[in-house]
Amino acid sequence: MVGIVIVSHSLKAAEGIREIAAEMGKPGQPITAAGGSEDGRLGIDLDKVEAAIEAADKDDGVVLFVDLGSAIICADMIKNERKLNKKGIYVADAPVLEGAVIAAVEASLGSPVEKVLEVAAKVKNMPKL
């Protein structure tokens, strides 16, 4: 099953989004959260993100949902250095909350990583009113 990782500058935000996405997916679905700096402040910690990816990786691909610019840079650094995962690591072009929720639903259906990314990207144009 495709793994999902929520990456935020705030651990509380990442964990909250993970909680919502997990509620929409299947029990046991690999959805993890990484956020905050090593000392607990706001920020991004490369080691935390790598650990979250490792925990979510079930060899079907891992989709990262990121909140801000340096989270994207962190994800790209890991993605470019990683050679072990056959399906790879992908950064979704989607809003972090809505994208993670719809990705959790799609991944729980057993869809491949390409379909999960496609569905997640569609929600960025979803009207709220």
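What follows is calculated from the coordinates using simple rules that are stated; it is not laboratory data. Since the model is a prediction, treat every value here as computed from it, not as a measurement. Here Cβ is always computed from backbone atoms with ideal geometry, including for glycine, and neighbour counts include all displayed protein chains.
For this structure, a couple of remarks:
- Mean residue ellipticity (222 nm) of the chain, computed from DSSP H runs ≥ 4 via -39,500 (n - 2.57), nearest 500: -14500 deg cm²/dmol
- Alpha-carbon gyration tensor eigenvalues x 5, square-rooted, for the stretch 3-125, Å: 20, 16, 13
- Evaluating 6.51 cos²θ - 1.76 cosθ + 1.60 at θ = phi - 60° for every residue in the stretch 91-103, the Karplus couplings come out as 9, 6, 8, 7, x, 4, 6, 4, x, 5, 5, 5, 5 Hz, glycine and proline recorded as x.
- Label-point separation, I73 to E23 (7 Å along Cα→Cβ), nm: 3.4
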